[in-house]
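Trainee: Sharing a structure with you now.
Bear in mind these aren't lab numbers, they're just calculated from the coordinates by the rules spelled out. Note that the structure is predicted; figures quoted are calculated from it, not measured. When we count neighbours, we look across all protein chains shown, and the Cβ atoms used for this are built from the backbone with ideal geometry, even at glycine.
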Amino acid sequence: MKMSGKYILATIIFTALTGGAVPVFSKITLAEIPPLTFTFLRFVIATLILLPFYLKVRQPIGKDFWKIFGLSLLAMGNVVFFSFGIKQTSAGIAQAIYTLSPILTAIFAYFIIKEPFNTKKITGIILGLAGAALIVLLPLLTNDLPINYLIGNILIIIATISITIYTVLSKPFQRKYHPIEITTFFSITTVIILFFLSIFELSGNTNWWQNISLPGFLGLLYVGSIGTSIYYLLTQYIIKHTSPVLASMILYIQPFAAILWAYLFLKETISAIFVIGIVLVLSGIWLTINSKK
């Protein structure tokens, strides 16, 4: 079934609004749960939600197993680096860095599928990277943020690169596999791998579950259900019915949703440099995407 333009737009807006809350509620919960354990539990919840739907549409993967497994590792890299990065930076900054994804998509497209550059696209990439640099280097440019934010920002950049490549490479799989299959395989892969990794993490923090608060528990439920299973599934549907570039429009709206959520729940403030960085990034994205017209 083909999605209409209005339905696609509504889906993009809804996905962006729900995704914007993920950095905020993750930051609240990660203050009480270790990062790998948090990510493991997040995807246990997501898998339990997705599994009944997956069982209805599943088909043999066969020789594509390792390809889909590799694709899933890219998505897992995003959530793991995000979990460590968001602990050391603000929710608003983290989401703003993710807006680099459309610009990175244009760069990867040049090297992977030889999509040419033109003046408008080059200008957009330069503007976007300049804005991202301002946002990432905020701890060095202002005295309002601790220096450890810089480490968190770098980790979020690595997460952004991972999810960008995942988004681009997902499109070919859409011709053969249902979005539910792709999302569920990614979720199950993450659960299995992080089960073993979280064991080592728990050896140094065995009593975290005794101190988890109601906000921390509710934050985990939100991120695992709406912020993971529904968010990634809707993203795959958008990729299937449009393109990776159009799906990246989610990241146009998400920073502003994240800023609103962060203001309401974390009381985060916004600096002038941050605003300039956001404007440069969004201007760069606009030029990059419209360079094909």
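Trainee: Taking square-rooted eigenvalues a ≥ b ≥ c of the alpha carbon gyration tensor, is segment 1-84 rounded, prolate or oblate, where a/c under 1.5 means rounded and, failing that, a/b exceeding b/c means prolate?
Mentor: Since a/c reaches 1.5 but b/c is at least a/b, the shape of segment 1-84 is classed as oblate.
Trainee: Greater than 19 Å separation of Cα atoms is the criterion. Which listed pairs, Lys176/Lys240; Lys87/Lys267; Lys6/Lys240, meet it?
Mentor: Result: no pair exceeds 19 Å.
Trainee: For segment 83-179, which trypsin sites (Lys or Arg not before Pro) pass both filters: DSSP loop (anything but H, G, I, E, B) and at most 16 other C-beta atoms within 10 Å?
Mentor: For trypsin sites (Lys or Arg not before Pro) across segment 83-179 that sit outside H, G, I, E and B with at most 16 neighbouring Cβ atoms in 10 Å, the list reads Lys114, Arg175, Lys176.
Trainee: Here's another thing I want to ask about it. What does the net charge come to around His178 if you take all other residues with beta carbon closer than 12 Å to its beta carbon, with K and R at +1 and D and E at -1?
Mentor: Charge balance in the 12 Å sphere: +4.
Trainee: Limiting things to C-alpha atoms, what are the Rg and the maximum Cα-Cα separation (Dmax) for the chain, in angstroms?
Mentor: So, for the chain, Rg and Dmax equal 18.6, 57 Å respectively.
Trainee: Now, a different point. Compute the signed sum of charges (Lys and Arg +1, Asp and Glu -1) over the other residues within less than 14 Å, Cβ to Cβ, of Ile156.
Mentor: +2
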